[in-house]
Amino acid sequence: MWRQRADVVIVGTGVAGLAAALAAHRRGRRVVLLSKASETATFYAQGGIAVVLPDALREGGDSVDAHVADTLAAGAGLCDPQSVRSIVADGYRAVAELVSAGARFDETVPGRWALTREGGHTRRRIIHSGGDATGAEVQRALDHAAATLDIRRNHVALDLLVDDGAVTGVTVLSGDGLGVVYAPSVILATGGSGHLYSATTNPDGSTGDGVALAMWAGLPVSDLEFIQFHPTMLYAGHGGGRRPLITEALRGEGAKLIDRQGESVTDGVHPMGDLAPRDVVAAAIEARLSEAGDPCVYLDATGVADFERRFPTVNASCLQAGIDATRQPIPVVPGAHYSCGGVVTDVHGRTGVAGLFAAGEVARTGMHGANRLASNSLLEGLVVGGRAGVAAAEHAEQTGPARVVEAAVPTRPALPRAELQRAMTRHASVVRSGEGLRELTEQLESATPRALRSRSDFEDAALTAVAGAVTAAASARTESRGCHHRSDFPEPDPAQAVSTVFGADHAPVAVGCR
Ligand code: SIN
């Protein structure tokens with residue numbers, strides 16, 4: 001078994017992981033980044049970064065209060081207002097730092113960023129790059145800034161080592177076999193868990209790794225029932241795996257959601273119509289599909305000005321699927337997109353285990369509540385990632401080298417992936433029911449233990465653990481709220497307007513995250 005040492009180990013190389021790495025490196029800490037996959041969810045982000053700009057503040061067009069209010073409204077009563085304010089208010093500083101690292105955003109005139117709108121936003125406050133290739137630009141700039149850091153590709157973090165209430169390192173599987181990187185600070189920045197489902201907008205590596213690692217280390221999780229289904233994933237028959245996102249910014253620029261008859265899908269559903277928060281639009285689409293028995297609805301972008309230049313990524317995906325979106329509506333369905341919950345942390349990424357941090361989609365800071373506001377994810381990753389890097393560097397400096405503890409190949413329950421994805425897609429998608437969730441629980445409990453000797457063994461076990469946590473949380477929430485819709489409890493219940501914290505064994509341990 002190989003052994004190495006670092007001050008800060010970061011698992012994941014998307015926006016949160018790289019922002020954390022750069023911050024810890026700037027403080028003189030020895031940073032090691034572990035990356036199992038070549039693609040990140042950050043790279044695929046299209047719409048942009050929601051941020052209140054100084055110009056907009058000065059000219060009265062936007063305010064931190066307005067961005068906070070929109071975030072809280074989308075979050076359906078479960079956001080933590082203090083966390084939201086802390087992250088939103090720090091947004092412009094973090095974006096300015098990203099620009100210093102080389103990121104470039106689209107402009108209307110030199111020196112003035114172009115702003116778009118997405119669901120749930122009452123203002124145009126979303127900056128973007130390359131039209132609809134914002135994530136690719138963020139990833140490019142951060143990759144470039146982090147080019148001299150110690151990034152280990154094809155390294156799978158299998159387990160966290162915790163000794164006497166403090167993290168001491170990570171057990172890793174690499175081309176050189178099993179090893180350990182010992183460090184007093186570890187940051188989980190592994191992204192989401194879209195591959196819980198048969199089809200998703202997420203890249204291959206989004207298998208819930210960080211949430212599973214944290215739960216196996218005994219850490220609490222919260223809000224995992226709130227899996228956000230993006231209203232417009234390109235429909236391509238029954239094909240599974242990663243499927244192209246059709247950015248919500250298209251609706252911000254005038255595209256309309258219609259059914260097969262050409263009727264609006266959202267008329268009369270919400271005052272913001274097609275630009276209602278994502279959970280509302282996804283539920284309206286699901287309702288229309290089940291009423292009509294249709295496989296998809298359509299996004300009519302034929303009236304969007306300058307479509308090919310403004311939305312080159314969407315245009316390329318459509319053309320690849322044989323669709324000319326300048327002339328015909330794009331077939332779309334809701335697709336698994338984002339986990340609003342995760343490992344319970346504060347707004348500096350701190351967890352309940354000394355030295356262990358989580359940032360980005362893997363974490364539950366209280367920013368997203370029951371439904372994340374569009375384009376708040378890159379914002380949170382940048383802000384909390386950077387802060388977690390600072391906090392991890394300080395922790396490493398204070399505690400000194402980690403203690404060496406023994407590591408071994410872990411054994412965990414794991415269902416075969418296709419079986420798990422079919423069951424989750426059937427019973428835990430946009431609409432759930434008590435009966436379906438009971439069936440799902442039984443199926444998940446039939447998972448058999450597996451020694452985690454490969455990336456796919458590890459991912460199957462991580463997906464099984466996270467599916468169990470999502471199912472337990474969805475079963476316990478006997479109401480409909482945000483992204484969580486129960487056909488047997490179709491209304492929100494004011495008595496349940498609070499997050500529940502679940503322990504690693506899927507049992508509720510507390511109500512409220514503070
Ligand atoms: C989109 O471009 O519609 C996705 C942006 C997001 O998930 O926030």
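The values are calculated or read from the model by the stated rules, or taken from the named source; none is laboratory data. None of these values were measured; they are calculated from a predicted model. Don't worry about glycine lacking a Cβ; one is built from the backbone with ideal geometry, like all the others, and counts go over all protein chains shown.
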Quiz item: Do we have residue 384 as within 16 Å of the ligand (Cβ to nearest atom) and under 18 Å from the mean Cα position of the chain (by Cα) here?
Solution: yes
Quiz item: Do we find a residue being touching a His at 6+ places or on another chain (Cβ under 8 Å), within 26 Å of residue 480 (Cβ to Cβ) and within 16 Å of the ligand (Cβ to nearest atom) anywhere in region 86-95?
Solution: no
Practice problem: Mind listing whichever residues of region 101-136 are in a helix (DSSP H, G or I) and either touching a strand residue (DSSP E or B) at 6+ places or on another chain (Cβ under 6 Å) or surrounded by 22 or more Cβ atoms within 10 Å (Cβ to Cβ) (or both)? | Solution: 134, 135
Quiz item: Does any residue in region 240-263 that is closer than 22 Å to residue 196 by Cβ come within less than 6 Å, Cβ to Cβ, of a residue that is within 9 Å of the ligand (Cβ to nearest atom) and part of a strand (DSSP E or B) six or more places away or on a different chain, and which pairs are these?
Solution: 246/232
Exercise. Would you please name the residue that is farthest from the chain's Cα centre (by Cα), looking only at residues in region 96-121 that are among the small types (Gly, Ala, Ser) and within 16 Å of the ligand (Cβ to nearest atom)?
Key: 114
Quiz prompt | Which listed residue is surrounded by 20 or more Cβ atoms within 10 Å (Cβ to Cβ) and of a type outside the set (A, V, I, L, M), from 288, 327, 309 | solution = 288
Quiz item: Can we say residue 339 is buried (at least 24 other Cβ atoms within 10 Å of the Cβ), of a type in the set (S, T, N, Q), in contact with a Gly (Cβ under 9 Å, 6 or more places away or on another chain) and more than 30 Å from residue 441 (Cα to Cα)?
Solution: no
Self-check item: Selection from region 12-31 of residues that are outside any helix (DSSP H, G or I), away from the ligand (no atom under 16 Å from the Cβ) and under 30 Å from residue 246 (Cβ atoms)
Solution: 12, 13
Quiz item: Among the residues of region 171-185, which ones are within 30 Å of residue 424 (Cβ to Cβ) and in contact with a helix residue (DSSP H, G or I) (Cβ under 8 Å, 6 or more places away or on another chain)?
Solution: 173
Quiz prompt | Candidate set: region 352-371, residues that are surrounded by fewer than 24 Cβ atoms within 10 Å (Cβ to Cβ) and touching a strand residue (DSSP E or B) at 6+ places or on another chain (Cβ under 6 Å); chosen: the one farthest from residue 494 (Cα to Cα) | solution = 354
Quiz item: Do you know which residues across region 32-74 are in a loop (DSSP other than H, G, I, E, B), closer than 19 Å to residue 122 by Cβ and at pLDDT 95 or above?
Solution: 48, 51, 52, 53, 62, 63
Quiz item: If you take the residues in region 231-263 that are surrounded by fewer than 17 Cβ atoms within 10 Å (Cβ to Cβ) and among the small types (Gly, Ala, Ser), which one is nearest to the ligand (Cβ to nearest atom)?
Solution: 254
Quiz item: Exactly one of (1) in a strand (DSSP E or B); (2) away from the ligand (no atom under 13 Å from the Cβ) is unmet by residue 366. Its number?
Solution: (1)
